[in-house]
Amino acid sequence: MAALSLISPIPSSASLPPIYSLYHFKGTLQSNKTSSTSISGGFRSSWNLRIDSKAEKMQLGLMVSRNGGGGELDDMDEGQIENIGDQDEDDEEWTQAHASSSSSSSSPERWDVLGLGQAMVDFSGVVDDAFLEKLDLEKGTRKLINHEERGRVLQAMDGCSYKAAAGGSLSNTLVALARLGCPSITDRPLNVAMAGSIAGDPLGSFYRTKLRRANVNFLSAPIMDGTTGTVIVLTTPDAQRTMLAYQGTSSVVNYDSCLASLISKTNVFVVEGYLFELPDTIRTITKACEEAHRNGALVAVTASDVSCIERHYDDFWDIVGNYADIIFANSDEARAFCHFSAEESPISATRYLSHFVPFVSVTDGINGSYIGAKGEAIYIPPSPCVPVDTCGAGDAYASGILYGILRGVTDLKGMGELAATIAATVVGQQGTRLRVQDAVELARSHDFRLNSVGTDVGS
């Protein structure tokens, strides 16, 4: 089948050339980049512990309100943190079913995906609008807070049921990807890892352990003299999220020989957009992306947040324009990248971005999504569901795209439909992670369809 032309529209049945290896796909993407493109002048984006007991919430809120998030929390071990509420049965099921294969793949020759992002423990709960008004919080925004503010908010959540989780946008994607690629579906499971910064404290141990139980290896050594970052996620009944981030050690992500070695053994390197908010990470991101390209890896960038793009617009474009092979964004983030007004359609933003980035993925909520390449875009209709919690929908969608690329899917429409189905599955449940059984059923159904129908549609 001939490669898609830069100047020809992409039909709805479009396919990529057969992907015999990631390096073939890498060459396909790179050959689609317009060599004359100049990037200048601004054209450069849950393991849950349930905490239902009033006494437990009061205790935890008081503990994390101490200086640096320390105090009594530093005196607790990981086992005590685990006992604050109910154990996550889904993770236990995964751990027992795949313990042997997980241990054997702990140090593979190559990582299928390595993500670089903020490692933060999430405290998530459902609140009403009055709660936000009482704390003078603007609904639907993301705000950086200090440790005293974090403690006050957690204490104010007394009476609410909330959960602690090894969270973060990137980790949601990586966990879903690892579960889609679990050994019960295929002879070779996907090797998935994450790098970032956690402290040598109980929350840091909690984070690492919970990811490991989900078959995601957290590979960075802990910072012994620090405090693991946290994010408080407040969801109102209209499904809008207000996020309060205390960065802690997650604000320090250094490029060193260890990270360079990991990247050199990686097929797809994913950079989380929230890292652009941190003052000293642009150098780390740049060096990491250079190392990825030097070793033939695909580079993917997640947009993460509109306000983050607006504050660090030039930095984003320095990376996206010069290194990114894949970009993940929602419609608002895509428009922010393009400096488009809110009236511009997401398909226009998708097409525009695809002149600079070979593979563009743009989600538009209940309206569907788009995949862009070579100045054109394919529309992906939404997968039907009854929405329960939209938190993590974009993260889940990204896992489907990555899964399709890693499994050699050549049908762009089919890849997008799989991603949309995964996102709808997460939206239809409480919580941000794709459940083990759902992942197994989705991956098996998808693989069956590929084997039955084939992928060379339009060849």
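The values are calculated or read from the model by the stated rules, or taken from the named source; none is laboratory data. Because the structure is a prediction, the values reported are computed rather than measured. No Cβ is skipped: glycine too gets one built from the backbone with ideal geometry, and neighbour counts run over all protein chains shown. Remember, those area values only see protein heavy atoms, side chains included, never the ligands or the DNA or RNA. Shrake-Rupley method; radii C 1.70, N 1.55, O 1.52, S 1.80 Å.
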Per DSSP, loop GluC sites (Glu not before Pro) in the stretch 129-223 with at most 16 further Cβ within 10 Å: 138
Charge dipole (debye, nearest 20) of the stretch 135-260; +1 at Cβ of Lys and Arg, -1 at Cβ of Asp and Glu: 420
Accessible surface ranking that places the most exposed of 379, 370 first, with a 1.4 angstrom probe: 379, 370
C-alpha center-to-center spacing [the stretch 383-428, the stretch 432-446] in angstrom: 10
Candidates per GluC sites (Glu not before Pro) in the stretch 331-412, loop by DSSP, up to 15 other Cβ within 10 Å: 343, 344
Net charge, residue 230 excluded, C-beta distance under 10 Å - Lys, Arg +1, Asp, Glu -1: 0
By accessible area with a 1.4 Å probe, ligands and nucleic acids excluded, highest first: order of 291, 109: 109, 291
Accessible surface ranking that places the most exposed of 339, 147, 355 first, with a 1.4 angstrom probe: 339, 355, 147
Radius 15 Å from Cβ of residue 378, net charge of other residues (Lys, Arg +1; Asp, Glu -1): -1
Where the stretch 105-210 is the region considered: accessible area per residue in Å², 1.4 Å probe: 33
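Rounded, prolate or oblate: pick one for the stretch 179-332, where a ≥ b ≥ c are the square roots of the eigenvalues of its C-alpha gyration tensor, a/c under 1.5 means rounded, and failing that, prolate if a/b is larger than b/c, else oblate.
Taking the square roots of the gyration eigenvalues as a ≥ b ≥ c, the stretch 179-332 is rounded.
Per residue, what accessible area does the stretch 284-344 have, given a 1.4 Å probe and all protein chains present, in Å²?
35
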Cα gyration tensor, the stretch 126-239 - rounded (a/c under 1.5), prolate or oblate: oblate
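Please tell me which of these pairs span more than 30 angstrom C-alpha to C-alpha: 143/163; 163/265; 163/413; 134/163; 210/413?
On the way: 143/163 20 Å; 163/265 35 Å; 163/413 36 Å; 134/163 21 Å; 210/413 34 Å.
Check vs 30 Å cut-off fails for 163/265; 163/413; 210/413.
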